[in-house]
Amino acid sequence: MRDTILVGCGAGFSGDRTDAALPVVKTLIRRSGPAALIFENLGERTLAQQQLSKRNNSKMGYEPLMELELRPILADCLANGITIVGNFGAANPTAAGQRILEMAQELGLPRPKVAIVSGDDLSDGHGKELIAQHLGEQFDQARFVCANAYQGAHEIAAAIAAGAQIVVTGRVSDPSLTLGPVIAHYGWSIDDWDLLAGASMAGHLLECGAQVTGGYFADPGKKNVSGMENIGFPIAEIFADGTCLISKADNSGGLVDVRTVKEQLLYEVHDPSAYITPDVVADISDAEVAELEPNVVRLSGVKGHPRTDTLKANVFFDGGWLGEGEISYAGPNARARAELALQTLKKRLGMLHGLELRCDLIGVCSVFNDDANRMLDSIAIGEPTDVRARVAAQHLELEPIEALLREVTALWTCGPAAGGGVRVNKRQRLSTTSCLLKREYLPATFEFL
Amino acid sequence: MMSDVTLYELAHARTGDKGNRINISVIAFEPADYPKLVEALTEERVAAHFASRRPSAVKRYLLPKLHAMNFVMDDVLDGGVNDSLNLDMHGKSLSFHFLSMKI
C-alpha cells in the first residue's frame, strides 16, 4: 500500500450538483488505498438560514440536500472504507446523523458508525453569553439569531481514529474537512505546522468542488473547458510531506491545470503569508504549482506557522426584510422607458414610505453598479433594445417592503408603455458581524450516535 | 503608460468574498508578462479603477512564483453578502470589471 491518502470532494456548497460525488467515489475505489470523501455545504449565509429552520422544527436545520448527496454513494463508501466527512450537519448535526442512520437502514446497509462533532454552536447558554460579553453594546438581544465558531480538524481526526465511518459537523473551517482524515491517517501532531498547512491548502483547493476543475474557470475562446455538463469533481492525493497532487474524477469533463489551481489557491485568501484556519496559519508566499500530466497538478512549497489562540465566530442578527422587483422594456427607446419606471418608483416609494431604493438597469449596468448608482450615472452606452429595470430595498419592518412589491406590480397598468415580465420577491435579511474568541473557551468534542 | 491593451488579454482573475471585504487574484497567462503587470497594477491605479465602489483600502500582495498578484479591497460590497442589495451580493462579477482595465 502506498503511504498516501486520497481525499475526494462530493460537494462545494449548499446547492451543488448532487450527481457529482458518485464518479469521485468510483475513482477513489479504482485507485484504491486509504480514502475519504468530503461534502462542503456551508456558506456564511446558509448556516444562519438553517438555524432559523431548526427553530421552526427541531428535527430540521441540517443541509436540505444531504439525503440527495449521500443516497447514491453511501453503500459504496461503507463497503470500501471511504470515510465520509461533511459539514451538512449545519445547525443540527445530531438530526443529520440520525437521518443518515435511518437512510442506511432504508438502503439495507449495516448500521454505520456515525460521529457528531460539536462545540461550534454559540446560539444558546454559555456560548451566547460569551458573544454578548465580547460584542458589548453591539450585541442586540432582541434581534440576535445565532452565532457559530469555526472549529478545526483535530476532533474530526479523533473521531476517525476512534472508528467513525461518517463524521457529521456543523461549522468547521472548510479546509479542516480534508485535514481531519489526513491527520487521522498520518498521525500528525498539533504542531506539525508545515504538514498541517500543506494538507490544509489541499483542502482549500477541494472545498469549492468544480471551482478547481475548470467549472468556475471557463471563459469560451479565452479559457476553454470541455464537458461543462459533466465536470469531474476534484480529488487530492496528499503525501506524508504535506504536498499533494490535484486531479479529478475519471472519465469526466472539466480541466485541472496550473491556471485552474492558481485561481482556486488564491480564492478568498487575503495575506498569502497568513491564511488563518483554526488548525494552522498557512503561508503560500513560496508555493509552486506544476502540471505533471494532463489533469494532474502538484502543489508544493506551502509553509505553516503556529495556529492563533483565537477562533473566528460569525454572529447573525435579524436584519428585517429585503424586497426586490423587476420589469422589462424592449424595442425603441427601451432605456428611457426603463429609467422612467425607476424614477416613478423612487418618487412614489420615497413619498409614501420613505424607502430608499437601489436601482439597476439590467442590460445597461447592474452588477458592477453600486447602491448610489455612481457607475450607472457615469457610463454612456449605445442604445440597448432589451432592458430590465430592477429595484431593491431593505427595511426592518415588512410593510414598506410589501409596498415596494405592490408598486412594482402596479407598473403593469400605470406605465410606462409596454412594460412586461414583472417579478417580485421578498426575503428575510440577516445582518452579520464576526469576532475572535479565545479558543480555550470553545472546546470541540465528538460523540458517536 | 496607458495603452489599448486590456488586462483581459494578459491575465485571468477570480473574486473571493468574506464579509464586506473581497480579494481579486490577477494571474498572468505568460510568465514573461508578469513584471509588466506588476508595474502597471499599482494599488493607486486599481483603487482608481474601482472608484465607483469606494474602496476604503486596497492592498496588493505579490506571488512571483505563481506569476500572480492578490488584491484585497475593503468595503466595496455595500455591506457584504448578507446586507447587499446588489444582484451580485458576493461581488463575484467584479473580477471581470478588474480585467476590463487598460494597461
**OP:** Hey, can you tell me all the residues within the stretch A:381-438 that are within 15 Å of A:GLU339 (Cβ to Cβ) and either in a strand (DSSP E or B) or within 13 Å of another protein chain (Cβ to nearest Cβ) (or both)?
**Re:** A:ASP386, A:VAL387, A:ARG388, A:ALA389, A:ARG390, A:VAL391
Original post:
Of the residues A:LEU436, A:LEU352, A:LEU396, A:LEU430, which single one is aliphatic (A, V, I, L, M), open to solvent by 60 Å² or more (accessible area, probe 1.4 Å) and touching a Phe, Trp or Tyr at 6+ places or on another chain (Cβ under 9 Å)?
Top reply: A:LEU396
**OP:** Answer yes or no: is there a residue in the stretch A:124-143 that is out of contact with any helix residue (DSSP H, G or I) (no Cβ under 7 Å at 6 or more places or on another chain) and within 20 Å of A:GLU67 (Cα to Cα).
**Re:** no
Original post:
Does the stretch A:160-171 include one or more residues that are closer than 23 Å to A:ILE235 by Cβ, part of a helix (DSSP H, G or I) and in contact (Cβ under 8 Å) with a residue 12 or more places away in the chain?
Top reply: yes
**OP:** Taking A:ALA418 as the residue in question, decide whether it is touching a strand residue (DSSP E or B) at 6+ places or on another chain (Cβ under 7 Å) and farther than 23 Å from B:ASP88 by Cβ.
**Re:** yes
Subject >> Whichever residue in the stretch B:19-35 is out of contact with any helix residue (DSSP H, G or I) (no Cβ under 8 Å at 6 or more places or on another chain) and surrounded by fewer than 19 Cβ atoms within 10 Å (Cβ to Cβ) and, among such residues, is nearest to the other protein chains (Cβ to nearest Cβ) >> reply: B:GLY19
Original post:
Of the residues that make up the stretch A:318-331, is at least one open to solvent by less than 30 Å² (accessible area, probe 1.4 Å), touching a Ser or Thr at 6+ places or on another chain (Cβ under 9 Å), among the aromatic types (Phe, Trp, Tyr) and within 28 Å of B:LYS92 (Cβ to Cβ)?
Top reply: no
**OP:** Please enumerate the residues belonging to the stretch A:246-299 that are part of a strand (DSSP E or B), open to solvent by 30 Å² or more (accessible area, probe 1.4 Å), away from every other protein chain (no Cβ under 14 Å) and in contact with a Leu (Cβ under 8 Å, 6 or more places away or on another chain).
**Re:** A:LEU292
Original post:
If we only count helices (runs of 4 or more DSSP H) wholly inside the stretch A:26-100, which ones have 3 or more residues that are at pLDDT below 95 and farther than 26 Å from B:LYS18 by Cα?
Top reply: none
Original post:
Within the stretch B:42-65, restricting attention to residues that are touching a His at 6+ places or on another chain (Cβ under 9 Å) and not in a helix (DSSP H, G or I), which residue is most open to solvent (accessible area, probe 1.4 Å)?
Top reply: B:LYS59
Original post:
Has the stretch A:193-206 got at least one residue that is outside any loop (DSSP other than H, G, I, E, B), touching a strand residue (DSSP E or B) at 6+ places or on another chain (Cβ under 9 Å), crowded, with 24+ Cβ neighbours inside 10 Å and free of Cβ contacts under 8 Å to residues at least 60 places away in the same chain?
Top reply: yes
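The values are calculated or read from the model by the stated rules, or taken from the named source; none is laboratory data. All of these numbers come straight from a predicted model, not from anything done at the bench. Every residue, glycine as well, gets a Cβ built from its backbone with ideal geometry; the counts of neighbours run over all protein chains shown. Calculation scope for accessible area: heavy atoms of the full protein, side chains included, ligands and nucleic acids excluded. Shrake-Rupley method; radii C 1.70, N 1.55, O 1.52, S 1.80 Å.
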